[in-house]
Amino acid sequence: MKRGPAKKRRSHKESFIEKTLAFSAGLFVMVIAVITIFIFSKGLPVFLQVGWQDFIFDTDWRPTRGIFGIGAMVLGSIAVTVSAMVWAVPLGIATAVFMAEIAPGHIGRMLGSLVELLAGIPSVVYGFVGLLVVVPFIRQHLGGNGLSVLAGAIVLGVMILPTVINISRDAILAVPKEYAEGSLALGASHHQTIARVIIPAARSGIITAIVLGMGRAIGETMAVVMVTGNAPVAPNSILAPVRTMTSNIVLEMGYASGDHQGALFSTGMVLFVFIVALNLVVNRVAKAGGINGKK
Amino acid sequence: MAKNKWYDRMITAAFWSAGLFIVLILASIIAYIAVKGISAISLDFILQPPSRAGRAGGISTTIVSTVYLTLMSLLIAVPVGVGSAIYLQEYAHSQSRFGRLVNLIAETLAGIPSIVFGLFGFVFFVVFLDLGWSILSGSLTLAIMILPTITRTAQEAILAVAHEYRENSLALGASRWQTVSRVILPSALPGIVTGIILSIGRAVGETAAIILTAGSSLGMPIAPSDPARTMAVHLYLMAMEGISAERAFGTALLLVILIVIINYLANLSLKRFSQAVR
């Protein structure tokens, strides 16, 4: 009886703490809901008014006259992303294989912390270096004014390397050692084992790495806006200037109002839906490919 | 057989050059900025406020803004992130429906481009809640952006704490919260700190979301309702408007130095964490 009230107080305190903690986890649900509601409520009106096909595919963007077609920017995002991936994905996967399978342990670990540093460098710094090194180099050696798809591809490629490398390396490291041992015992060489046993077994992780790298490339803003020239026309060559969807938002948000601002939110909404869909697909792929013993 | 050996050697050489190329990229970026920026950095550059839109003076107000925004966003995100990690790992179960939902949301948030967070922060904090372009709007937006990193690292750190600790504490009659606060959190602390340090790195470098929510005023921010320009935003505006190459390089070098220090600290605390768990 004597201990009754104290115990009661304690259980009150316990349940209060539990509720507070549950509330903080619940905040995640609220945050994603509020983000979705506000992006859609600002972006949907112009999107529906223009019509989704015209908005996404029409390449005529004259916001001051109320003509909103982001087709040129969609193409711009695709052009820059694909050309960045063309060189960064093979290099990234090769580096991941090198770190996990070929380099001696201490070199692999050292490279790992350098890749982390590469991931930590702010995107404006990449854009700044791109603007002062990559752009003049293209102008002098390849022609055009240098602000181009190619400049964007080079800068973006470097920026997605850490994503591709880290996730691929983890996938390769997660392949059970027995697979490699079995292959080597059957007389396959180290390289044959890597190409025909380890990489196929790590497939789902490597695909995740590529898709997340792609998401990162499409969503990147500051570095791209600094090196691609930002002309809102569909690019006709790799040396042509180009404007991506993200650049479009950051360049015009400063002065846009009314429907023009709404159209920028529609652009953001398209990006948001695309990236969320991409992440959900990756989540499924990662789960389906449980052969690595991951997740 | 001889042909095979040559082939093998060439493949090995190709892999080594891939690794070497990554080192080369990183080294040349850092060396370029260091060589070009070192002459701009002086005590005055760090301590003097900018004048004439950044053409003269130092960058003191942008350093203060960066630190202010980062600390405020941590103040918001750390309790929420660590709190939800504790809830998911110790109270609910991370494999429960609710746990999986929260983790899926965290993963989704981590993938959303920063410009979309900027748009959201602008329409929600700046306009709807009428907080204006301010430190407060900026740090609330940033807090949402770093939340996934903090909660994921905290969950991993809590998960790594040995089961015996938990069971022994409960067996000795400690309550759940006593077990969490006196047994689990102290052992998980270095892991949680690692996540916080990584988030600081993200907050320091963020630009797109900050420019839409905190503005680009060069004044010294005092109250949380003041607008602010961070170092990263300052670098962007100086580079795009061709204001002062020398000062832009100085700012870029300071940013890179900060990131190198932050990464070093993160590695250090990660090492301590793996020792503590072992």
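The values are calculated or read from the model by the stated rules, or taken from the named source; none is laboratory data. Given the structure is predicted, the values throughout are model-derived calculations rather than measurements. Note that each Cβ is placed from the backbone with ideal geometry, even for glycine, and that neighbours are counted across all protein chains shown.
Please give the number of the condition B:G201 fails out of (1) more than 20 Å from B:Q48 (Cβ to Cβ); (2) in contact with a Phe, Trp or Tyr (Cβ under 9 Å, 6 or more places away or on another chain); (3) buried (at least 21 other Cβ atoms within 10 Å of the Cβ).
It is condition (2) that B:G201 fails.
For the stretch A:205-254, which positions are without any contact (Cβ under 8 Å) to a residue 24 or more places away in the chain and within 15 Å of A:R62 (Cβ to Cβ)? Show your work before the answer.
Step one: filter the stretch A:205-254 for residues without any contact (Cβ under 8 Å) to a residue 24 or more places away in the chain, giving A:231, A:236, A:253-254.
Residue satisfying the conditions is A:A231 alone.
Per-residue answers, yes or no, for (1) within 12 Å of chain A (Cβ to nearest Cβ); (2) in a helix (DSSP H, G or I):
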site: B:G191; (1), (2): no, yes
site: B:A203; (1), (2): yes, yes
site: B:L218; (1), (2): no, no
site: B:L235; (1), (2): yes, yes
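May I ask you to verify whether B:R247 is basic (K, R) and either assigned to a helix (DSSP H, G or I) or touching a Phe, Trp or Tyr at 6+ places or on another chain (Cβ under 8 Å) (or both)?
Details: basic (K, R): yes; either assigned to a helix (DSSP H, G or I) or touching a Phe, Trp or Tyr at 6+ places or on another chain (Cβ under 8 Å) (or both): yes.
It is true that B:R247 is basic (K, R) and either assigned to a helix (DSSP H, G or I) or touching a Phe, Trp or Tyr at 6+ places or on another chain (Cβ under 8 Å) (or both).
Provide a single number: the residues in the stretch B:54-82 that are closer than 13 Å to B:M220 by Cβ and assigned to a helix (DSSP H, G or I). If you could, list the steps in order and put the result at the bottom.
We begin by selecting, within the stretch B:54-82, every residue closer than 13 Å to B:M220 by Cβ; these are B:57-68.
Filter again for assigned to a helix (DSSP H, G or I), leaving B:60-68.
Qualifying residue count, the stretch B:54-82: 9.
Do we find a residue being touching an Asp or Glu at 6+ places or on another chain (Cβ under 8 Å) and either among the aliphatic types (A, V, I, L, M) or surrounded by fewer than 24 Cβ atoms within 10 Å (Cβ to Cβ) (or both) anywhere in the stretch A:235-254?
Filtering the stretch A:235-254 for residues touching an Asp or Glu at 6+ places or on another chain (Cβ under 8 Å) gives A:246.
If we keep only those that are either among the aliphatic types (A, V, I, L, M) or surrounded by fewer than 24 Cβ atoms within 10 Å (Cβ to Cβ) (or both) too, we end up with none.
Within the stretch A:235-254, none of the residues are touching an Asp or Glu at 6+ places or on another chain (Cβ under 8 Å) and either among the aliphatic types (A, V, I, L, M) or surrounded by fewer than 24 Cβ atoms within 10 Å (Cβ to Cβ) (or both).
Could you name every one of the helices (runs of 4 or more DSSP H) located completely within the stretch A:179-295 that has at least 2 residues being of a type in the set (A, V, I, L, M, F, W, C) and facing chain B (nearest Cβ under 10 Å)?
On the way: elements: A:190-193, A:203-219, A:222-227, A:245-252, A:258-288.
Answer list for the stretch A:179-295: A:203-219, A:222-227, A:245-252, A:258-288.
Within the stretch A:198-214, which residues are within 13 Å of A:A100 (Cβ to Cβ) and either surrounded by fewer than 18 Cβ atoms within 10 Å (Cβ to Cβ) or among the hydrophobic types (A, V, I, L, M, F, W, C) (or both)? If you could, list the steps in order and put the result at the bottom.
Initially, the stretch A:198-214 is screened for residues within 13 Å of A:A100 (Cβ to Cβ), giving A:198-199, A:201-202, A:205-206, A:209.
Across the stretch A:198-214, the qualifying residues are A:I198, A:I199, A:A201, A:A202, A:I206, A:A209.
In this structure, is A:V134 touching a residue at least 24 places away in the same chain (Cβ under 8 Å), within 12 Å of another protein chain (Cβ to nearest Cβ) and either over 23 Å from B:K36 (Cα atoms) or buried (at least 17 other Cβ atoms within 10 Å of the Cβ) (or both)? It would help to see each step written out before you state the result.
On the way: touching a residue at least 24 places away in the same chain (Cβ under 8 Å): yes; within 12 Å of another protein chain (Cβ to nearest Cβ): yes; either over 23 Å from B:K36 (Cα atoms) or buried (at least 17 other Cβ atoms within 10 Å of the Cβ) (or both): yes.
So A:V134 passes the test.
Against the definition (facing another protein chain (nearest Cβ under 7 Å), buried (at least 21 other Cβ atoms within 10 Å of the Cβ) and within 24 Å of the chain's Cα centre (by Cα)), how does B:L119 come out, yes or no? Give the derivation first.
On the way: facing another protein chain (nearest Cβ under 7 Å): yes; buried (at least 21 other Cβ atoms within 10 Å of the Cβ): yes; within 24 Å of the chain's Cα centre (by Cα): yes.
Considered against the rule, which asks whether it is facing another protein chain (nearest Cβ under 7 Å), buried (at least 21 other Cβ atoms within 10 Å of the Cβ) and within 24 Å of the chain's Cα centre (by Cα), B:L119 comes out as yes.
For the stretch A:180-195, how many residues meet the condition of being over 18 Å from A:I207 (Cβ atoms) and surrounded by 14 or more Cβ atoms within 10 Å (Cβ to Cβ)? So that I can check it myself, show each step before the final result.
Residues of the stretch A:180-195 over 18 Å from A:I207 (Cβ atoms): A:180-193.
Now restrict to residues that are surrounded by 14 or more Cβ atoms within 10 Å (Cβ to Cβ): A:180, A:183-184, A:188-193.
Residues meeting the conditions: 9.
Looking for something loosely packed, with under 12 Cβ neighbours inside 10 Å and assigned by TED's automatic domain parsing to the domain that holds B:H234 - is there at least one such residue anywhere in the stretch B:68-82? Quick ask: steps written out before the conclusion?
Pass one, the stretch B:68-82, residues loosely packed, with under 12 Cβ neighbours inside 10 Å: B:75.
Those left that are additionally assigned by TED's automatic domain parsing to the domain that holds B:H234: B:75.
Scanning the stretch B:68-82, I find at least one residue that is loosely packed, with under 12 Cβ neighbours inside 10 Å and assigned by TED's automatic domain parsing to the domain that holds B:H234, so the answer is yes.
Inspect all residues belonging to the stretch A:66-73 and state whether any of them is part of a helix (DSSP H, G or I), among the aromatic types (F, W, Y) and crowded, with 22+ Cβ neighbours inside 10 Å. Steps first, please.
The initial filter retains those residues of the stretch A:66-73 that are part of a helix (DSSP H, G or I), namely A:71-73.
From the residues that got through so far, the ones that are among the aromatic types (F, W, Y) too are none.
Looking for residues that are part of a helix (DSSP H, G or I), among the aromatic types (F, W, Y) and crowded, with 22+ Cβ neighbours inside 10 Å, one finds none in the stretch A:66-73, hence no.
Checking the structure you have, find out if any residue of the stretch A:160-171 is among the hydrophobic types (A, V, I, L, M, F, W, C), closer than 27 Å to A:V97 by Cβ and away from chain B (no Cβ under 14 Å). I'd like the intermediate steps shown before the answer.
The initial filter retains those residues of the stretch A:160-171 that are among the hydrophobic types (A, V, I, L, M, F, W, C), namely A:160-161, A:164-165, A:167, A:171.
Those still in the list that are closer than 27 Å to A:V97 by Cβ too: A:160-161, A:164-165, A:167, A:171.
Okay, now just the ones that are also away from chain B (no Cβ under 14 Å), so A:171.
Yes, some residue in the stretch A:160-171 is among the hydrophobic types (A, V, I, L, M, F, W, C), closer than 27 Å to A:V97 by Cβ and away from chain B (no Cβ under 14 Å).
Quick one: which residue in A:V80, A:V31, A:V46 is assigned to a helix (DSSP H, G or I), more than 30 Å from B:P148 (Cα to Cα) and within 14 Å of another protein chain (Cβ to nearest Cβ)? Explain how you work it out, then say what you get.
Details: A:V80 fails: more than 30 Å from B:P148 (Cα to Cα); A:V31 fails: more than 30 Å from B:P148 (Cα to Cα).
None of the others qualify; the one that does is A:V46.
Where residues in the stretch B:12-53 are more than 14 Å from every other protein chain (Cβ to nearest Cβ) and assigned to a helix (DSSP H, G or I), which of them is surrounded by the fewest Cβ atoms within 10 Å (Cβ to Cβ)? Walk me through it before giving the result.
As a first pass, look at the stretch B:12-53 and keep what is more than 14 Å from every other protein chain (Cβ to nearest Cβ): B:38-39, B:41-53.
So of that shortlist, the ones also assigned to a helix (DSSP H, G or I) come out as B:43-47, B:52-53.
Numbers: B:L43: 8, B:D44: 10, B:F45: 19, B:I46: 13, B:L47: 11, B:R52: 10, B:A53: 13.
This residue is B:L43.
Within the stretch B:240-255, restricting attention to residues that are surrounded by fewer than 19 Cβ atoms within 10 Å (Cβ to Cβ) and facing chain A (nearest Cβ under 9 Å), which residue is modelled with the highest pLDDT?
Within the stretch B:240-255, the subset surrounded by fewer than 19 Cβ atoms within 10 Å (Cβ to Cβ) is B:240-243, B:245-246.
Next cut, facing chain A (nearest Cβ under 9 Å) only: B:240, B:245.
Numbers: B:M240: 89, B:A245: 86.
If we take residues in the stretch B:240-255 being surrounded by fewer than 19 Cβ atoms within 10 Å (Cβ to Cβ) and facing chain A (nearest Cβ under 9 Å), then B:M240 is modelled with the highest pLDDT.
Looking at the stretch A:37-69, which of the residues that are closer than 15 Å to A:G262 by Cα and polar (S, T, N, Q) is modelled with the lowest pLDDT? Don't jump to the end; show me each part of the working.
Going through the stretch A:37-69, the residues closer than 15 Å to A:G262 by Cα turn out to be A:37-52, A:55-56, A:61-69.
Applying the additional criterion that residues be polar (S, T, N, Q) yields A:41, A:49, A:64.
Working: A:S41: 95, A:Q49: 92, A:T64: 85.
Among them, the one singled out is A:T64.
Residue-wise test of (1) touching a His at 6+ places or on another chain (Cβ under 7 Å); (2) closer than 24 Å to B:G132 by Cα; (3) buried (at least 17 other Cβ atoms within 10 Å of the Cβ).
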{"residue": "B:E206", "(1), (2), (3)": "no, yes, yes"}
{"residue": "B:L212", "(1), (2), (3)": "no, yes, yes"}
{"residue": "B:S216", "(1), (2), (3)": "no, yes, yes"}
{"residue": "B:V233", "(1), (2), (3)": "no, yes, yes"}
{"residue": "B:I257", "(1), (2), (3)": "no, no, no"}
{"residue": "B:I262", "(1), (2), (3)": "no, no, yes"}
{"residue": "B:R272", "(1), (2), (3)": "no, no, no"}
